[in-house]
Amino acid sequence: MKKSYYITTAIAYTSGKPHIGNTYEIVLADSIARFKRLVGYDVFFQTGTDEHGQKIEIKSLEAGQEPQAFVDEVAAEIKRIWDIMNTSYDQFIRTTQPEHQVIVQKMFEKLYEKGDIYKGEYEGWYCTPDESFYTEGQLVDGKCPDCGREVYKTKEEAYFFKLSKYADRLIQHIEDHPEFIQPESRKNEMINNFLKPGLQDLCVSRTSFKWGIPVTFDERHVIYVWLDALSNYITGLGYDPDGHHGELFNKYWPADVHLIGKDILRFHTIYWPIMLMALDVELPKQVFGHPWLLVGEGKMSKSRGNVIYPDFLVEHFGVDAVRYFVLHEMPFANDGTITYELLIERINSELVNILGNLVNRTITMVNKYFDGEVGAPNDYEPIDSELIDLALQTPHNVMNKMDSLRVADSIDEIFKLLRRSNKYIDETAPWILAKDEKDRERLATVLYNLLESIRFSAVMLEPFLPETSQKIMGQINSKLNTWDSLKEFNGIQPKDKVNQPEILFSRIDAAAKMSELNGNKEEVQQDKQPQVQTKKKAVEPHQEKTGKEEITIDDFAKLDLRLAEIISCEKHPDADRLLVLQLRVGDEQRQVVSGIAKWYSPEELVGKKVVLIYNLAPVELRGIQSQGMILAASKGKKLTLLSTLEDFKDGATIS
């Protein structure tokens, strides 16, 4: 029987469309849920929306709608975004669902009858956006200590929950269960800043607005948002205060992890566990307060005008590229940063160069040298062991990282294998082995090792890049995609046929894409430059007109020129005038198809340094992918490749 695993996100507040910072959490939770399913767990993954409160009531009035109609629209938009990001939640709960509201009312009644909720009067400072009360001493410069926004003085009758009654018990639980609050720094913050100084009883009802769940025995009051919202983690499973729990609750509670933003840690590690203690319900095993995704160095905010929406990113970069970025760029405990420039750089350098090129080159070579048929691996050399050993070790490394929710580190482990596989191609040089029939068994072994390494990587990438993983498995034509299949390096079977390679990620022209993303600001700014009139010189008799229009320094700056070394070269099988060159550009290898066979033989080019247009979009020339263009000078019938006066290291940037 599979071991159960219950993971939740914080339910999204229905005040507006979620931005990419909000969306990071659902993608993070999805990657964990997918991983747990992959390694054999019976997973239940819950997310949803928090739909009550004064802020929603005000927002709906401003929109000219009834609150229910307002939250219906926003909840649908949130669910749409979650689906766009290809998240595999099992349940999407809404706090306006009747079954949730009934259970919350019964919980309130039980705590009241037990004496843990009592009636009183509240007087103090209230922050509407955070739905939180504060004392005078808790304010920072007269403003909300959490969000820094304005607060207002309020006085009203309210019901209170006796937090203080359970404070010592909670401190003891945290000390006895060091894994309960993660990362470690969050735990220290909760104990030292909130628990040890002493807890004030919590206001759990309001009378100043109506958009909430009514208190059954005092309908002037609505149940305050935190008791309402937090309880979704158990109401969604069919919890019943009378003990008649549903099947899901009996199977999945306690939660293995509540995944939340660090800004609501206090509510989840103090209010929520104390509520559960008062209800005699077992506490969740862990609350993980993830960091924020910042734009540059600032938090996303509509007022700052720096909000980036996930559907916009997906439209321009694709789902898996966006998933990769937010999962890989977020540190375990510190805030991460997103900018368009950084996103483009990561796509080009990691998804295109490391992952995409490896898969494309390997499948291309299997098709070219063996008509797409996998050869039997019989001719092993010591160099193979390093790749195979790393492939077999990587699943263990990934498992260890994921056990502590270090998702970015887990992805790094997979990319270590991808980088090693690319290096293995350089070391074994299959294109040279292909030239001699006596090396055919060795060539088959090298390509087999590469295919199997790619299969290992694709299986492990599924939780993070599900669509890409599926595409890779389709290209190598393997259905062996289970975690258990990674115990031995023999999943690809000899005589299996691979399919034709397809581009996984296309190289992005950074300058053109930035211009597009920014609404062609570069062109607008250029149009505003003063026009300087210059007298044109007559063309000298010996000069040749280029027939090309003038460009500016900005146009030239769009070119990424780099020095590359030709490490192998062969004739194109289907075009006499074309050569297929393998270039080393720093730590990367590129394939370029060039029409220079008339002037150079393959043998005389190996070892030469050439100038490569590095950011040219890939194209296929007579069925073979070309990843860039090498520069040459021509005059009449003569042609010579461009290089440098001094012997610079390949990968050097030319400017």
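Read-outs: derived from the displayed coordinates by stated rules, not from any lab. Everything numeric here is computed off the predicted structure, so don't read it as measured data. Every residue, glycine among them, receives a Cβ derived from its backbone with ideal geometry; neighbour counts consider all protein chains shown.
Once C-alpha pairs closer than 8 Å and six or more residues apart are averaged by separation and normalised to the residue number of the range 339-487, the relative contact order reads 29 percent. Pairs of Lys residues in the range 242-331 are counted when their Cα atoms are under 22 angstrom apart and they lie 8 or more places apart or on different chains; the count is 4. Please list, by residue number, everything in the range 370-403 whose backbone N is under 17 Å from a paramagnetic label point 7 Å out along Cα→Cβ of Lys438. Counting only backbone N, you get 379-380. Placing dummy labels 7 Å off each Cα toward the beta-carbon, the span from Gln172 to Phe556 is 7.6 nm. Its relative contact order, with pairs defined as Cα atoms under 8 Å and 6+ residues apart, puts the chain at 11 percent. The long axis of helix 98-114 is offset from the longest Cα principal axis of the chain by roughly 50 degrees.
Place a label point 7 angstrom from the Cα of Ile84 along the Cα-to-Cβ direction, then list the residues of the range 500-520 whose backbone nitrogen is under 12 Å away. Once the point is set 7 Å along Cα→Cβ of Ile84, nothing inside the range 500-520 turns out to lie under 12 Å by backbone N.
Entry note, the chain: the mean residue ellipticity at 222 nm calculated from DSSP H runs of n ≥ 4, each adding -39500 (n - 2.57), is -11500 deg cm²/dmol after division by the residues and rounding to the nearest 500.
Expressed per residue, the C-alpha convex hull volume of the chain stands at 201 Å³.
Angle of helix 357-370 to the longest C-alpha principal axis of the chain, folded into 0 to 90 degrees and rounded to 10: 50°. Put in line by how crowded their Cβ is, counting other Cβ atoms within 10 Å and starting with the fewest, Cys203, Cys569 read Cys203, Cys569. Find the centroid of the Cα atoms in the range 1-75 and in the range 241-255, then give the distance between the two in whole Å. Comparing the Cα centres of the range 1-75 and the range 241-255, I get a distance of 21 Å. Footprinting exposure proxy ranking of Ile567, Ile508, fewest other C-beta atoms within 10 angstrom first, gives Ile567, Ile508. Of the beta bridges DSSP finds with both residues in the chain, what % are antiparallel, to the nearest 5? Counting only bridges with both partners in the chain, antiparallel ones make up about 70 percent. Here the 3J(HN,Hα) profile of the range 38-44, calculated from phi with Karplus coefficients 6.51, -1.76 and 1.60 at θ = phi - 60°, is 4, 8, x, 7, 8, 9, 10 Hz, Gly and Pro shown as x.
At full extension, Glu282 and Arg220 could sit 19.1 nm farther apart than now, given 0.36 nm per residue minus the alpha carbon distance. Per residue, the convex hull around the alpha carbon atoms of the range 58-136 comes to 173 Å³. Inter-label distance, Gln65 to Ile383: 6.2 nm, where each label sits 7 Å from its Cα along the C-beta direction. From the alpha carbon centroid of the range 365-417 to that of the range 262-287 is 41 Å. Each of Tyr309 and Asp335 was given a label point 7 Å from its Cα along the Cα-to-Cβ line. The distance between the two points is 2.4 nm.
When Asp201, Asp242, Asp587 are sorted by how many other C-beta atoms sit within 10 angstrom of their C-beta, beginning with the fewest, the order is Asp242, Asp587, Asp201.
So, in Å, what gap is there between the alpha-carbon centers of the range 577-634 and the range 146-221? Comparing the Cα centres of the range 577-634 and the range 146-221, I get a distance of 65 Å. Extension gain for Lys210-Glu157 works out to 17.7 nm (0.36 nm per residue, less the C-alpha to C-alpha distance). Taking amide H as placed 1.01 Å from N in the peptide plane, the amide H of Ser132 sits under 5 Å from that of Cys127, each at least 5 places away or on another chain.
Pairs with C-alpha atoms separated by more than 28 Å, drawn from the list Lys423/Lys513; Lys423/Lys571; Lys162/Lys210; Lys3/Lys495; Lys79/Lys558, are Lys423/Lys513; Lys3/Lys495; Lys79/Lys558. Positive end of the dipole of the chain (Cβ unit charges, origin at the Cα centre): among Pro618, Met190, Thr216, the Cα lying farthest that way belongs to Pro618. A Förster radius of 56 Å, combined with the Cβ-Cβ distance separating Glu99 from Arg149, puts the computed FRET efficiency at roughly 0.95. Annotation: average projected area of the range 339-487 is 9.3 square nanometres, based on the convex hull of Cα atoms across all directions.
Rounded to the nearest 0.05, the FRET efficiency derived from the C-beta distance between Asp426 and Asp72 at R0 = 41 Å is 0.10. In a fully extended conformation the segment linking Lys106 and Glu136 would gain 7.4 nm over its present Cα-Cα distance, using 0.36 nm per residue.
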